[in-house]
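Written out below as structure tokens is the structure these notes cover.
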Amino acid sequence: MNSIQDIWNGIMEILSGRLTSTSINTWFSDCTPIELKDGTLVLHTTTPFKRDILKQRFEPEIKAALQEMFSCEFELLILAGDELDDYQAEAKEEHALPEMDGYTFDNFIVGKSNEYAYAAAQGVVKNPGSKVYNPLFIYGNSGLGKTHLLCAIGTAIHENTPDAKIAYVKGEEFTNKMVRSIKEGTADEFRQKYRGVDLFLVDDIQFIAGKEATQEEFFHTFNSIYEAGHQIVITSDRPPIDMLRLDDRLRTRFEGGLMADVQPPDVETRMAIIRNKAGHLGMQLSDDIVSYIAQKITSNVRQIEGVINRLTAFRELTGDVVTREKVDDAVKVVIRDGVYVPTPDVILEETARFYQVSAEDIKGISRQKNIVTARHITAYLIRNLTNQTLPMIGTFLNRDHATVLASIRKIEGQIKSDKDLSATIRDITSNINSRQ
């Protein structure tokens, strides 16, 4: 079931077999499902009288239907009339930023692979702005929980200090907003938005490496926040020393705080994550299925979530028992066997993004120097990271295979002596791999 309305339709189908049509029409016709969140189903009806009747007469029946659908217990909250407006306003206020919604320390599974980063994140919450934890730089491969920790810090600090000014931004988004503010003449507003915060959360900082104007702006933003004694938390898919095109001033500041890496989870942690994710989706898996999934997916929490989501959908749609064969089917959809092979489109997108040009520019006829370089690198990376032939690459880039070969050979010759070009290709490759 994919939406709250689907869930409510399922509940009503169960109740229709247990209650009279008169009861259904009288008490449930004006009942609207609002959300199923944190173990509670929220409903809205038109009057307090109907709300009271629903609670007094039908709450056990509704909870029993939920139990039948999800194999776990839920609470029930029924709102009447204008209470819905108050509830939604309170829910909106509860999270300062939508990006932080759902990310808490309580639902983060701790294991040997991430316990240091977890402890450091909690240290930030207990003493934000402390020089021991400022900045906190969390790094590791994609899908290991860096964003979860980053946003859990924001959620906890917002709960402790509701008036705290919190800003969340991705590295690429910081660049895009900065460029837009310059074009629109709102650069001062852009600077104030970030420099005046109490907590600055920056996700995927690696995307600003090599962008001189962005790094200059970020340097001054960083200094303003840090010198005011406010907290900065940053995530990246690699440590600062491996971002070869990162400004030395930024590298020094990042390394001057606390650096914590997140490693792939061990088997015990993977099993705990699987049980936790399944439980939150109302599904209990047998020990042998949990162990089997943990053996199949060894390095990426996001892929574990993908498999559990597919198994949950399968069970809800068919009612069948989850078997190893169904796990294998889910795994095949979620991950590729062997080494990650990016598509030419992904390579084109990441190269264009790095050079701040469009994919159409790279495929077009422009002879502008940075576009030509991006075109050569795109051809080189497609050749080295995929199984595409020269004619296939040529068709993709609107070139003949001889032109593609010339581009590849040009890059191969330059990277042997050009350290900057070598670093550029390494950064773009890392960005491509982070998409898996």
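The values are calculated or read from the model by the stated rules, or taken from the named source; none is laboratory data. Please read these numbers as outputs of a predicted model, since none were measured by experiment. Every residue, glycine among them, receives a Cβ derived from its backbone with ideal geometry; neighbour counts consider all protein chains shown. Ligands, DNA and RNA are excluded from the accessible area calculation, which covers all protein heavy atoms including side chains. Shrake-Rupley method; radii C 1.70, N 1.55, O 1.52, S 1.80 Å.
The relative contact order of the chain, computed from alpha carbon pairs under 8 Å that lie at least 6 residues apart in sequence, is 13 percent. These residues, Lys296, Lys211, Lys112, go from largest to smallest accessible area, 1.4 Å probe, as Lys112, Lys296, Lys211. Note on the chain: GNM, Cα springs under 10 Å; of Gln368, Gln122, Gln284, the largest mean-square fluctuation is that of Gln368. The heavy atoms of Asp420 present about 110 square angstrom of accessible area, all protein chains included, probe 1.4 Å. Ordered by 1.4 Å accessible area with all protein chains kept, Arg18, Arg191 run largest first as Arg18, Arg191.
Output the relative contact order of segment 245-304, whole-number percent, from Cα pairs under 8 angstrom with separation of 6+ residues. Reported relative contact order: 39 percent.
Taken per residue, the accessible surface of the chain reaches 50 Å², heavy atoms only and a 1.4 Å probe.
Taking Cα extents along the principal axes in Å as calculated from this structure, the corresponding entry among [x] 66, 48, 43; [y] 69, 44, 43; [z] 80, 53, 44 is [z].
Mind telling me which of Arg238, Arg195, Arg57 comes out most flexible in a GNM of the chain, alpha-carbon contacts under 10 Å? Answer for the Gaussian network model of the chain: Arg57.
Leu66 contributes about 0 Å² of solvent-accessible surface, heavy atoms of the protein only, 1.4 Å probe.
Segment 3-45 and segment 336-395 have Cα centres lying 51 Å from one another.
If R0 is 51 Å, what FRET efficiency do you get for Phe219 and Val267 from their C-beta distance, rounded to 0.05? Calculated value: 0.75. Label zone of Asp163 (point 7 Å out along Cα→Cβ, amide N under 13 Å): in segment 211-253 this covers no residue at all. Residues of segment 188-211 with an amide N closer than 14 Å to a point placed 7 Å from the Cα of Glu227 along the Cα-to-Cβ direction: 195-196.
Using a ≥ b ≥ c from the Cα gyration tensor of segment 271-334 (square roots of the eigenvalues), is it rounded, prolate or oblate, where a/c under 1.5 gives rounded and otherwise the larger of a/b and b/c decides, a/b for prolate? Judged from the Cα gyration tensor, segment 271-334 comes out rounded (a/c under 1.5). Under the convention that each Lys and Arg Cβ holds +1 and each Asp and Glu Cβ holds -1, the size of the dipole of the chain around its Cα centre is about 1820 debye. When Thr252, Thr40, Thr269 are compared by accessible area at a 1.4 angstrom probe, the order from most to least is Thr252, Thr40, Thr269. Counting protein heavy atoms only, segment 268-367 has 50 percent of its accessible area on carbon and sulfur, 1.4 angstrom probe. Between rounded, prolate and oblate, where does segment 342-436 land on the alpha carbon gyration tensor, with a ≥ b ≥ c its root eigenvalues, rounded for a/c under 1.5, else prolate if a/b exceeds b/c? Because its axes are fairly even, with a/c under 1.5, segment 342-436 counts as rounded. Taking each residue as 0.36 nm, the span from Arg180 to Leu244 lengthens on full extension beyond its C-alpha to C-alpha distance by 20.4 nm. With the cut-off at 1.5 for a/c, could you classify segment 127-215 from its C-alpha gyration tensor as rounded, prolate or oblate? Oblate, since a/c reaches 1.5 and b/c is not below a/b. Result for the chain in a Gaussian network model with C-alpha springs under 10 Å: among Leu136, Leu150, Leu281, the largest mean-square fluctuation is at Leu281. On full extension, the segment bounded by Met392 and Lys410 gains 4.6 nm, given 0.36 nm per residue less the C-alpha separation. Taking the protein heavy atoms of segment 105-175 in the context of the full set of protein chains, the accessible area attributed to carbon and sulfur is 47 percent at 1.4 Å.
When the surface is traced with a 1.4 Å probe over the full set of protein chains, Glu184 keeps roughly 120 Å² accessible.
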